[in-house]
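Participant: This is the structure I have questions about; it appears just below.
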Amino acid sequence: MGRAKEILVKVISSKIANEFVKLNHYSGKFVPNSTVHFGCFLDGKMHGVLSYGNSMDKYKVGATVRNTGWNEFIELNRMAFDEYLPKYSESRCIAITIKLLKRNAPHLKWIISFADGSQCGDGTIYRASGFNLIGVKENKQILNWGGKIVAKKTLDNKNYPSINGKYYSRHLLETGQAKPIEGFQLKYIYFIDKQKIADLTVPILPFSKIDEMGAGM
């Protein structure tokens, strides 16, 4: 584990977290609905951020585990580190944040997160942190729009016009102005309450499924 044991993880403000994420996350964007932010410090400076919050489609994600209350799950929706931290830092920081959540938010039963296998990676850190793989699918939600990488859901909100009754993303795709980025989306889950595994509505997949589907990155 080495110097990773020296990392201090503590709650930070959304302003500090979001500024760090914009500079260090591959997307250059923070998630507006993140509500809990942890900073990872080594040698007196912050070198990592993990942000948790509600899922964008909370109803759909909540149905992943039966009998889950509205406030009983949370999404790890941003994780960003600079290059200063040593090996194993990411998995250690995740483990510490989970302990802090268990201690300070005992109502939480499970954590969901997604790996972007089209741009970032296939979730190596999640696998090392004890998450289970529960989904591997082609990612058709990330578009290249004239060299700009953007999520379909971003284009389909009220900030963009509908064209002939169609979402703006569909208009861009049909006119060839945007193209999907090839790759996969991988879904991971961590059970804080191990008894909730029995309520999982989808199968836990072997990690070998990633290579089997050509989703590795």
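Participant: For the stretch 163-191, give me each residue that is under 19 Å from Glu138 (Cβ atoms) and within 19 Å of the chain's Cα centre (by Cα).
Facilitator: Result: Ile181, Glu182, Gly183, Phe184, Gln185, Leu186, Lys187, Tyr188.
Participant: Looking at Asn159, is it touching a His at 6+ places or on another chain (Cβ under 8 Å), surrounded by fewer than 12 Cβ atoms within 10 Å (Cβ to Cβ) and over 30 Å from Asn67 (Cα atoms)?
Facilitator: Working: touching a His at 6+ places or on another chain (Cβ under 8 Å): no; surrounded by fewer than 12 Cβ atoms within 10 Å (Cβ to Cβ): yes; over 30 Å from Asn67 (Cα atoms): yes.
In short, no.
Participant: Taking the criterion of being under 26 Å from Ala63 (Cβ atoms), open to solvent by 60 Å² or more (accessible area, probe 1.4 Å), outside any helix (DSSP H, G or I) and aliphatic (A, V, I, L, M), would at least one residue in the stretch 143-151 satisfy it? Lay out the reasoning, then the answer.
Facilitator: Filtering the stretch 143-151 for residues under 26 Å from Ala63 (Cβ atoms) gives 151.
Subset that is open to solvent by 60 Å² or more (accessible area, probe 1.4 Å): none.
No, there is no match, as no residue in the stretch 143-151 is under 26 Å from Ala63 (Cβ atoms), open to solvent by 60 Å² or more (accessible area, probe 1.4 Å), outside any helix (DSSP H, G or I) and aliphatic (A, V, I, L, M).
Participant: Continuing with this model, one more query. Would you mind stating whether Tyr52 is in contact (Cβ under 8 Å) with a residue 24 or more places away in the chain, open to solvent by 60 Å² or more (accessible area, probe 1.4 Å) and not in a helix (DSSP H, G or I)? Before you say what the answer is, go through the steps one by one.
Facilitator: Numbers: in contact (Cβ under 8 Å) with a residue 24 or more places away in the chain: yes; open to solvent by 60 Å² or more (accessible area, probe 1.4 Å): no; not in a helix (DSSP H, G or I): yes.
When the stated conditions are applied, Tyr52 does not pass them.
Participant: Name the residues in the stretch 193-217 that are open to solvent by less than 30 Å² (accessible area, probe 1.4 Å) and part of a loop (DSSP other than H, G, I, E, B), would you?
Facilitator: Ala215
Participant: Does any residue in the stretch 186-201 that is over 12 Å from Leu133 (Cβ atoms) come within less than 8 Å, Cβ to Cβ, of a residue that is open to solvent by 40 Å² or more (accessible area, probe 1.4 Å) and assigned to a helix (DSSP H, G or I) six or more places away or on a different chain, and which pairs are these?
Facilitator: Final answer for the pair search is Phe191/Ile197; Ile192/Lys102.
Participant: Another question, then. Any idea how many residues of the stretch 113-142 are without any contact (Cβ under 8 Å) to a residue 60 or more places away in the chain, outside any loop (DSSP other than H, G, I, E, B), open to solvent by less than 70 Å² (accessible area, probe 1.4 Å) and touching a Gly at 6+ places or on another chain (Cβ under 8 Å)?
Facilitator: Narrowing the stretch 113-142 to residues without any contact (Cβ under 8 Å) to a residue 60 or more places away in the chain: 124-125, 128, 131, 137-142.
Subsequent filtering for residues that are outside any loop (DSSP other than H, G, I, E, B) retains 124-125, 128, 137-138, 142.
If we keep only those that are open to solvent by less than 70 Å² (accessible area, probe 1.4 Å) too, we end up with 125, 142.
When the remaining residues are screened for being touching a Gly at 6+ places or on another chain (Cβ under 8 Å), the result is 142.
So the count comes out to 1.
Participant: Something else: Out of all the residues in the stretch 152-162, which are over 13 Å from Leu173 (Cα atoms) and either part of a helix (DSSP H, G or I) or at pLDDT below 75 (or both)?
Facilitator: Lys153, Thr154, listed by residue number.
Participant: Counting only residues that are touching a strand residue (DSSP E or B) at 6+ places or on another chain (Cβ under 8 Å) and either of a type outside the set (A, V, I, L, M, F, W, C) or part of a loop (DSSP other than H, G, I, E, B) (or both), how many does the stretch 35-49 have? Outline the logic, then answer.
Facilitator: Step one: of the stretch 35-49, the residues touching a strand residue (DSSP E or B) at 6+ places or on another chain (Cβ under 8 Å) are 35-42, 46-49.
Still in the list and also either of a type outside the set (A, V, I, L, M, F, W, C) or part of a loop (DSSP other than H, G, I, E, B) (or both): 35, 37, 39, 47-48.
Residues in the stretch 35-49 being touching a strand residue (DSSP E or B) at 6+ places or on another chain (Cβ under 8 Å) and either of a type outside the set (A, V, I, L, M, F, W, C) or part of a loop (DSSP other than H, G, I, E, B) (or both): 5 in total.
Participant: Looking at Asn24, Asn67, which one is closer than 24 Å to Arg127 by Cα, among the polar types (S, T, N, Q) and surrounded by fewer than 20 Cβ atoms within 10 Å (Cβ to Cβ)? Show your work before the answer.
Facilitator: Numbers: Asn67 fails: closer than 24 Å to Arg127 by Cα.
Within the list Asn24, Asn67, the selection yields Asn24.
The values are calculated or read from the model by the stated rules, or taken from the named source; none is laboratory data. These numbers come from a predicted model, not from an experiment. Every residue, glycine among them, receives a Cβ derived from its backbone with ideal geometry; neighbour counts consider all protein chains shown. What goes into the accessible areas is simple: the full protein's heavy atoms, side chains included, and nothing from ligands, DNA or RNA. Shrake-Rupley method; radii C 1.70, N 1.55, O 1.52, S 1.80 Å.
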